[in-house]
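Worksheet for the structure shown next.
The values are calculated or read from the model by the stated rules, or taken from the named source; none is laboratory data. Quick caveat: nothing in here was measured; it's all calculated off a predicted structure. When we count neighbours, we look across all protein chains shown, and the Cβ atoms used for this are built from the backbone with ideal geometry, even at glycine. Just so you know, the surface numbers come from the protein's heavy atoms only, side chains and all, with ligands and any DNA or RNA stripped out. Shrake-Rupley method; radii C 1.70, N 1.55, O 1.52, S 1.80 Å.
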Amino acid sequence: QYVRKFLLPRLFLAIDTKKDGYIDFEEYLCAMTTFKKGAIDDKIKLLFILYDPVKGTFLLRDQLRQLLIDSIVVNQREEMPSLTLEEWILDLRELAEGMVESALYQYANQDGKLDYQEFSLLAKMDTTIQSYILKLPGLLEI
């Protein structure tokens, strides 16, 4: 439910590289190839674009928080606690906020946002994000 409501629209925007409102076979194949067989840097770049699809220049606090929430949801979706989706998201927002503070402190150059290089360092070090990258192809399969 969460994936369909919140994550798939974001995936659509990132994969629709022609920005024509459709995902053609070439775009789909490119995304699947990147996530399934691509180098880690290519996967991280696609994940970065997923959360800043318009500009692809940097992630702000809210975008990073959403990325971390989505990472946790995808990683734990089989083990969803006995809460409503809304309650679970509220809990995750609190958890993610602490993770955002830590990430911005460790990886941002004190400007409160992550450029691609800073995000790449974070993604290579954070096991939650790494696991998310590995599980994303399953969300794309028809």
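Being in contact (Cβ under 8 Å) with a residue 24 or more places away in the chain and either aliphatic (A, V, I, L, M) or at positive phi (or both) is the filter here, so list the residues in the stretch 16-41 that pass it.
Taking the stretch 16-41 as the starting set, the residues that turn out to be in contact (Cβ under 8 Å) with a residue 24 or more places away in the chain are 28, 31-32, 35-36, 40-41.
Result: 31, 32, 40.
Quick check on this structure: which one of 70, 20 is closer than 20 Å to residue 124 by Cβ and either under 16 Å from the mean Cα position of the chain (by Cα) or open to solvent by 50 Å² or more (accessible area, probe 1.4 Å) (or both)? Please lay out each step first, then the result.
Values: 20 fails: closer than 20 Å to residue 124 by Cβ.
Just a single option satisfies the conditions, and that option is 70.
So which residues in the stretch 120-142 are open to solvent by less than 50 Å² (accessible area, probe 1.4 Å) and either more than 11 Å from the chain's Cα centre (by Cα) or of a type in the set (S, T, N, Q) (or both), if there are any at all? It would help to see each step written out before you state the result.
To start, the set of residues in the stretch 120-142 that are open to solvent by less than 50 Å² (accessible area, probe 1.4 Å) comprises 120, 122-123, 126, 128-129, 131-133, 136-140.
120, 122, 126, 128, 131, 137, 138, 139, 140 - these are the residues of the stretch 120-142 that are open to solvent by less than 50 Å² (accessible area, probe 1.4 Å) and either more than 11 Å from the chain's Cα centre (by Cα) or of a type in the set (S, T, N, Q) (or both).
Collect the residues in the stretch 10-29 that are part of a helix (DSSP H, G or I), under 21 Å from residue 57 (Cβ atoms) and not basic (Lys, Arg), keeping them in residue-number order. Don't jump to the end; show me each part of the working.
We begin by selecting, within the stretch 10-29, every residue part of a helix (DSSP H, G or I); these are 10-15, 25-29.
Going one step further and asking which of them are under 21 Å from residue 57 (Cβ atoms), we end up with 10-15.
The answer is 11, 12, 13, 14, 15.
Somewhere in the stretch 76-85, is a residue in a helix (DSSP H, G or I), open to solvent by 20 Å² or more (accessible area, probe 1.4 Å) and touching a residue at least 40 places away in the same chain (Cβ under 8 Å)?
Yes, that holds for at least one residue.
Go through (1) out of contact with any Leu (no Cβ under 9 Å at 6 or more places or on another chain); (2) modelled with pLDDT of 85 or more and name the single condition residue 141 misses.
Among (1) out of contact with any Leu (no Cβ under 9 Å at 6 or more places or on another chain); (2) modelled with pLDDT of 85 or more, residue 141 violates only (2).
One residue is enough: does the stretch 103-119 have a residue meeting the conditions in a helix (DSSP H, G or I), in contact (Cβ under 8 Å) with a residue 40 or more places away in the chain, within 17 Å of residue 7 (Cα to Cα) and open to solvent by less than 10 Å² (accessible area, probe 1.4 Å)?
no
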